[in-house]
1. If you only keep lysine pairs separated by 8 or more in sequence, or across chains, how many in region 7-170 come under 15 Å at the Cα atoms?
2. In whole percent, what relative contact order does region 99-159 give with Cα contacts below 8 Å and a gap of six or more residues?
3. How large is the helix-only mean residue ellipticity at 222 nm for the chain, computed as the sum of -39500 (n - 2.57) over DSSP H runs with n ≥ 4, divided by its residue count, in deg cm²/dmol to the nearest 500?
4. Can you work out D for the chain in µm² s⁻¹ from Stokes-Einstein, where Rh is the Kirkwood radius over C-alpha pairs, the temperature is 37 °C and the viscosity is 0.692 mPa s?
5. Using a basic spin-label model with each label point 7 Å from the Cα along Cα→Cβ, how many nm lie between Ser142 and Cys30?
6. Using Cα pairs under 8 angstrom and six or more residues apart, how large is the relative contact order of region 7-170, in percent?
7. Determine ³J(HN,Hα), in whole Hz, for all residues of region 65-76 in sequence, where each value follows from phi through the Karplus function 6.51 cos²θ - 1.76 cosθ + 1.60 and θ = phi - 60°; x replaces Gly and Pro.
8. Compute the semi-axes of the equivalent ellipsoid of region 14-119, taking the square root of 5 times each eigenvalue of the Cα gyration tensor, and list them largest first in whole Å.
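Values in this text are rule-based calculations from the coordinates and carry no lab data. This structure is a prediction, so every number in the text was calculated from the model and none was measured. FYI the Cβ positions are ideal-geometry reconstructions off the backbone, even for glycines, and counts take in every protein chain you see.
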Amino acid sequence: MYKPLDSKDIESELSYAYLHAVASAVGINCQIENRHGDNRCVDVRLTCYGPFEDSYKEEIDLKVQLKATIAEPTETESHFSYFYRGVNQYDFLREETKNQHRVLIVLFLPEDNKEWLNVSTEQLVLKNCAYWVSLRGADICSNNSGTTVYLPKDQLLSPKNLLTIFERLSKNEPLNYMTP
């Protein structure tokens, strides 16, 4: 049977679906970027409209780089690890000179693709979860293949946590990378 999408393409599409579902649940606009944006490490632009508590801002954008993986992350008490391939993209995400914040969102999928998505008349289940991290201010990569980034377990990509990101941005709180 011919499949127009390979496993990596399907993983990628599921990461878009996950983000879109979470953003939609709290009324955040989720716009897929064109190939020019993708060349600048931006897969999706999220826009959240205020008012925001204790802020004069009424509209905030957040740029997102999406990744999905079936690789089992190394886990510590507080973080998951993800090997980010592509030093140029990593460097672009860690720069502090960008006006708009960027985050990396990684969807960790089960190894068995039959477990990725389950549908019944009662529910639609996408396994497992995605986590977000800002790489702003992260260390320079010391090689040409990539680097391990650490995603805090408390930064689960949920509707509540997504709103918290926008609340922080509305108060000009930086989203900086914290090395574990």
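1. 5
2. Relative contact order here is 35 percent.
3. Calculated from helices alone, the mean residue ellipticity at 222 nm is -7000 deg cm²/dmol.
4. 192 µm²/s
5. 3.7 nm
6. Averaging sequence separation for qualifying contacts and normalising by length gives 24 percent for region 7-170.
7. Those phi angles translate into 9, 9, 9, 9, 8, 9, 5, 5, x, 6, 10, 10 Hz.
8. That gives 25, 19, 15 Å for the three semi-axes.
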